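What follows is a set of notes on a single structure, which appears directly below.
The values are calculated or read from the model by the stated rules, or taken from the named source; none is laboratory data. Predicted model, so just to flag it, every value in this text is computed and none were measured. All Cβ positions, glycine included, derive from the backbone under ideal geometry; neighbour counts span all protein chains shown. The accessibility values were calculated without ligands, DNA or RNA, using every heavy atom of the protein model including side chains. Shrake-Rupley method; radii C 1.70, N 1.55, O 1.52, S 1.80 Å.
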Amino acid sequence: MRHAIAILALAASSQVAPALAEGVVDQGTVVELFTSQGCSSCPPADEILAELADREHVIALALHVDYWDYIGWADDLADPMFTARQRAYAKAWDARNVYTPQMVVAGVTEFVGSHHVTALDSVASHVLDGDPVTVGLSRSGDLLTIDAQAVGAVPARAVVQVVRYTPEVVRAIERGENAGRTVVYRNVVTDWSVAGTWDTDRPLALDVTVQGDAPVVVIVQDGANGPVLGAARLR
């Protein structure tokens, strides 16, 4: 993994303390875009994700998949774990195939990522509904403290995940379907790890180590590929 994440403690507390952080913390709706440098339909979706990345209350994440590498251009941002995550979503939804560009909002709504109006409407709808879990983050050096508390209906257990990303990457693509194009990718995910599980009947207090100064996103989810219950970012 490009960024080491180690669980130091997983303990319940009677109260979630306010999060003070080395950086800016914001909560938001998680938008995942499964994309590829080798996909000719993806650049419009990449542009939509870039637009969402600049919006308040949105945590936009680009996950590059590797199954188009065979058509002439290997995506150096791709990771098999992101392909596996997309396939796990497909299995959960009884979908026969995976495709790009696919956008997933809050782990529950999926659509073709180049559909601009659908993307904006889906994100706006979820922001309006809100999340049933509040997440707080604080960081001191390499120590990240995660606090979470249920404020709505939640499953008995949830998965806590830590995500790192690079805010902007530019690629000049020389071969394949996008040959000759230079594409700016936003919020390119470099690591996605499970930090622990949480019994949601009591507040969460979880310490993990994170290295480097890349933004940190914490996603609390119903299983690894169920609805996102809450998310926060420190940058």
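The single condition among (1) under 23 Å from A232 (Cβ atoms); (2) over 15 Å from the mean Cα position of the chain (by Cα); (3) surrounded by 14 or more Cβ atoms within 10 Å (Cβ to Cβ); (4) modelled with pLDDT of 95 or more that V112 does not satisfy is (1).
Do we have E56 as open to solvent by 60 Å² or more (accessible area, probe 1.4 Å), in contact with a strand residue (DSSP E or B) (Cβ under 6 Å, 6 or more places away or on another chain) and under 24 Å from V218 (Cβ atoms) here?
Details: open to solvent by 60 Å² or more (accessible area, probe 1.4 Å): yes; in contact with a strand residue (DSSP E or B) (Cβ under 6 Å, 6 or more places away or on another chain): no; under 24 Å from V218 (Cβ atoms): yes.
Considered against the rule, which asks whether it is open to solvent by 60 Å² or more (accessible area, probe 1.4 Å), in contact with a strand residue (DSSP E or B) (Cβ under 6 Å, 6 or more places away or on another chain) and under 24 Å from V218 (Cβ atoms), E56 comes out as no.
Which residue is farthest from V58 (Cα to Cα), if the candidates are limited to the stretch 81-97 and must be hydrophobic (A, V, I, L, M, F, W, C) and open to solvent by 30 Å² or more (accessible area, probe 1.4 Å)? Among them, the one singled out is A95. For the stretch 121-132, the criterion of being within 18 Å of V30 (Cα to Cα), under 15 Å from the mean Cα position of the chain (by Cα) and surrounded by fewer than 17 Cβ atoms within 10 Å (Cβ to Cβ) is met by none of the residues.
Could you list, in sequence order, all residues of the stretch 59-80 that are of a type in the set (V, I, T) and either surrounded by fewer than 22 Cβ atoms within 10 Å (Cβ to Cβ) or touching a Cys at 6+ places or on another chain (Cβ under 8 Å) (or both)?
Here is the first cut: in the stretch 59-80, the ones of a type in the set (V, I, T) are 59, 65, 71.
Once the filter is applied, which keeps residues that are of a type in the set (V, I, T) and either surrounded by fewer than 22 Cβ atoms within 10 Å (Cβ to Cβ) or touching a Cys at 6+ places or on another chain (Cβ under 8 Å) (or both), the stretch 59-80 yields only I71.
Scan the stretch 135-148 for residues that are open to solvent by 10 Å² or more (accessible area, probe 1.4 Å) and of a type outside the set (D, E, K, R) and the total you get is 6. Every condition in (1) touching a residue at least 60 places away in the same chain (Cβ under 8 Å); (2) more than 16 Å from the chain's Cα centre (by Cα); (3) within 25 Å of T197 (Cβ to Cβ) is met by G107 except one, and the failing one is (2).
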